[in-house]
Structure formats: C-alpha cells, structure tokens
1. Once the other residues with Cβ under 13 Å from the Cβ of residue 137 are scored (Lys, Arg +1; Asp, Glu -1), what is the net sum?
2. Quote the relative contact order of segment 124-189 in percent (integer), defining contacts as alpha-carbon pairs under 8 Å separated by 6+ residues.
3. Rounded, prolate or oblate: which one fits segment 26-105, using the alpha carbon gyration tensor with axes a ≥ b ≥ c (rounded when a/c is under 1.5, else prolate when a/b beats b/c, else oblate)?
4. Could you please report the charge total around residue 21, scoring K, R as +1 and D, E as -1 over all other residues with beta-carbon less than 11 angstrom from its beta-carbon?
5. Mean separation of Cα pairs under 8 Å and 6+ residues apart, divided by the residue count of segment 20-80: what relative contact order is that in percent?
6. Mind ranking 180-188, 134-142 by how tightly packed they are, going by the mean number of other C-beta atoms within 10 angstrom, highest first?
7. Give me the dipole magnitude in Debye, nearest 20, for segment 124-189 about the Cα centre, with unit charges on the beta carbon: positive for Lys and Arg, negative for Asp and Glu.
8. Ranked highest first by average number of other Cβ atoms within 10 Å, how do 45-55, 155-165 line up?
Amino acid sequence: MTRRPHGALPAPPPSTPLRPAVSPPPGALVAERRLIETTLAACGVPARDREDLLQIVLIAAWGAIQAGRYRPHPRAHPRRALQAWLRGIAWRQAGQHLGRAHVRREIPVDGPRALADEGSVAPEGRLLARAALRALAELPAPQRELLLVAIGRRTITAHARARGLSPSTTARRLHLARTALARRIARRLW
C-alpha cells in the first residue's frame, strides 16, 4: 500500500470521469473583489490585513486555474460557481492567516517595549484610537478646540459665553465638527 502525502486528496475512483478544467479570464476574478473582502471580514480577518489577504486569495485562485484545478459542474451557473469557489479559497486562506502565531499575538506599536507596563489592550482598539487622533489633528483649529471642550469639564454654554457667542451657534458648530471628524475617521478606516 502506498502512502499519499499529508494533505493530498485521494485519487478519484477510475470509473469517475473528471470534469473539464475551466479557465475564466483574470478580470472575472478581480470582479469578485467585494465578495472576497466580505468573506474575509466575515471570517474575522482584521481590516489591516484584508488587502494583503485579498491579493493572496487572487493569486491562489489564479494559480489553481492555471494548474487546471478549477472544474465547476458543467450545469452550474458560471458566475455562481466561481463565487462559491472563491469563497472557499478565501475561507481557507483566512483560516490559515488567523491561525498563524504572529497574527494571534502581535500587537503593532511604535516602541518595542511600549506595552510592558500596560494591561491587555486590544490591537484593533489601539489602531482605531490612533486613526481618530490623526483625523482630529487634521481638523481646523476652531473645530478641534470645540471637540476638546466638549469632552472636558467646561460646558459648551460656558465656552460660548466666554467667546461672546450664542450657545445654539456653538452647539451647531460642535455638531458640524463632530460630523467632520466622523467623516475623516471613516475615510481612514475604509
């Protein structure tokens, strides 16, 4: 009895004919980019790693097509068959990626010993906070000041009176500053 290599699939029985290999154009793979990204997100891949993993999935799919391993059922709808196949590749690649030790344990920080004295910090939260601070720094000074006043001990009404403004005008400007900050943060994350 010959042993097959670890991870290799058993050979099909001799009576089962193989389906013909299909070679969709590379553009068909790239057209399913959103589907792959959605699958990676659903698998729990962090936003910072999705673009890299998307490329890995596309390269793996193209390599499999070139090797003749894409063999959909002849009666299947071509696009649906391709989507299901790409979902499977994305799912496998996400599982391999998330299982790597450096992904499970790595926390990206500026200094190598920055977290030595801190408690457990979620890396995603840290990245979101950094993005928010960078977006805040990009706002015009009056908007930044209003946002900082809003989180401080001083009330917006007291701030408005000190500036000689109406509290409703200051509240409207605060709303505009919050909206501008939210838009900048959303642009940074997506």
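Since every read-out is calculated from the coordinates, none of them should be taken as a lab result. Here the structure is a predicted model, which means the values were calculated and not measured. In this analysis, Cβ positions are derived from the backbone assuming ideal geometry, glycine residues included, and neighbour counts consider all displayed protein chains.
1. Summing Lys/Arg as +1 and Asp/Glu as -1 gives +3.
2. Relative contact order for segment 124-189 comes out at 44 percent.
3. prolate
4. On the way: positive: 19, 69, 71; negative: none.
Around residue 21, the charge tally is +3.
5. On the way: 35 pairs, mean separation 32.0, N = 61.
Reported relative contact order: 52 percent.
6. Ranking, from highest mean packing down: 180-188, 134-142.
7. So the magnitude is around 40 debye.
8. 45-55, 155-165
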